[in-house]
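Read the structure below first, then the notes.
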Amino acid sequence: MSKEKDYASSALVTKKEKVINVIVFIALCLGAVVMVFPLIYMVATSFMTKNQILSGTLTLFPDPILIGKYSEVLQKGEFIRGIINSLKVAIPLLIIGGFTSALAAFGFAKMQFRGKGILFLALLATIMIPFAVVMIPQYVMFTKLGWTNSLLPLIIPGCFGNVSMIFFLRQNLLGIPDELMEAAKLDGCSYFGTFVKIFFPLMKGAFGTQLMLWFMGIWNDYLAPTIFLRSEKNWTLQVVIRSFNSYYAIQSDYALIMAASVIAMIPTMLLFFIFQRVIIESIAISGIK
């Protein structure tokens, strides 16, 4: 009799779990639709005519489909210049800043020096300081240095390292045995040689993942370029799109604005979809070391 009761109760629990799972699944699907819909509608709008956009009718399949806005955007010199300026910022940051971040992570993970823990906590504390707090002092400083008419305010600070990247790479390095460090010392290898020859090759996966995430942040950065860049010839891609929105919205040419936004979104979307598994695994592993 007791066995029958246990079986009935377990069946009831299983049924409740299935109902809860179905409800959670439906809620997640609705949330996904709500989050993805603006993106889908943005792509659809880039293929619409002006009359279709202004008609107020909600449609995801425009008829007729207008594809000429993409070629029109790519023919605009300021848009191409914005892409080039964004690459001018991203390439030195990823090369120099990525290397200095990896070097700092190695120092915090494998080297022993006085005050290492306090210094690392102080470095992490800077993540909690929003950019809005420091942007005015930075603008004043860069103005006095004469950098606000160039891309230097966006490049130079990042070349000294990225705090988030340092943290995740340090977590990754903590999972590598310290015996490798001792073996390198016995072989007479310097700290820098140990980093370059032994530890850096072992952290290539995490390093590449962090570079991709940093590139996404640089490519989509809007606030800092808006504040620091005075000259239009130095505007990065997101600032150029902002100028498109200011100019073409008056003409109700929303399809061109959306086409420019879709083109700007393609590199980061491709990177994420191609390497999303590696990115998620790297972040998960680095977070639990």
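For segment 49-67, the criterion of being acidic (D, E) and touching a Phe, Trp or Tyr at 6+ places or on another chain (Cβ under 9 Å) is satisfied by no residue at all. Within segment 45-67, the set of residues being of a type in the set (A, V, I, L, M, F, W, C), surrounded by 15 or more Cβ atoms within 10 Å (Cβ to Cβ) and in a helix (DSSP H, G or I) comprises just one member, I53.
Yes/no matrix, rows are residues, columns are (1) of a type in the set (S, T, N, Q); (2) surrounded by fewer than 14 Cβ atoms within 10 Å (Cβ to Cβ); (3) touching a Phe, Trp or Tyr at 6+ places or on another chain (Cβ under 8 Å):
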residue	(1), (2), (3)
L74	no, yes, no
N85	yes, no, yes
K116	no, yes, yes
T148	yes, no, yes
L152	no, no, yes
P157	no, no, no
N162	yes, no, yes
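Checking each residue of segment 139-146 against the condition of being out of contact with any His (no Cβ under 7 Å at 6 or more places or on another chain) and surrounded by 15 or more Cβ atoms within 10 Å (Cβ to Cβ) gives at least one match. Consider I95 carefully, then state whether it is under 21 Å from the mean Cα position of the chain (by Cα), surrounded by fewer than 16 Cβ atoms within 10 Å (Cβ to Cβ), among the β-branched types (V, I, T) and modelled with pLDDT of 90 or more. Considered against the rule, which asks whether it is under 21 Å from the mean Cα position of the chain (by Cα), surrounded by fewer than 16 Cβ atoms within 10 Å (Cβ to Cβ), among the β-branched types (V, I, T) and modelled with pLDDT of 90 or more, I95 comes out as yes. The set of residues in segment 68-121 being of a type outside the set (S, T, Y), under 30 Å from Q52 (Cβ atoms) and either assigned to a helix (DSSP H, G or I) or outside the structural domain of D253 (by TED's automatic domain parsing) (or both) consists of G68, K69, E72, V73, L74, G77, E78, F79, I80, G82, I83. Scanning segment 193-221 for residues that are under 23 Å from the mean Cα position of the chain (by Cα), in a helix (DSSP H, G or I) and over 15 Å from R170 (Cα atoms) returns M212, L213, W214, F215, M216, G217, I218, W219. Looking at F131, is it among the aromatic types (F, W, Y), touching a residue at least 60 places away in the same chain (Cβ under 8 Å) and surrounded by fewer than 16 Cβ atoms within 10 Å (Cβ to Cβ)? Spelling it out, F131 is indeed among the aromatic types (F, W, Y), touching a residue at least 60 places away in the same chain (Cβ under 8 Å) and surrounded by fewer than 16 Cβ atoms within 10 Å (Cβ to Cβ). The residues on offer are L186, L169, L173, and the sole one that is out of contact with any strand residue (DSSP E or B) (no Cβ under 9 Å at 6 or more places or on another chain) and surrounded by fewer than 19 Cβ atoms within 10 Å (Cβ to Cβ) is L186. Does S246 satisfy the condition of being in contact (Cβ under 8 Å) with a residue 60 or more places away in the chain and either surrounded by fewer than 20 Cβ atoms within 10 Å (Cβ to Cβ) or in contact with a Gly (Cβ under 7 Å, 6 or more places away or on another chain) (or both)? Criteria not met by S246. Residues in segment 222-264 that are touching a helix residue (DSSP H, G or I) at 6+ places or on another chain (Cβ under 8 Å) and assigned to a helix (DSSP H, G or I): 30 in all.
The values are calculated or read from the model by the stated rules, or taken from the named source; none is laboratory data. Small disclaimer: the values here were computed from a predicted structure and weren't measured. Every residue, glycine as well, gets a Cβ built from its backbone with ideal geometry; the counts of neighbours run over all protein chains shown.
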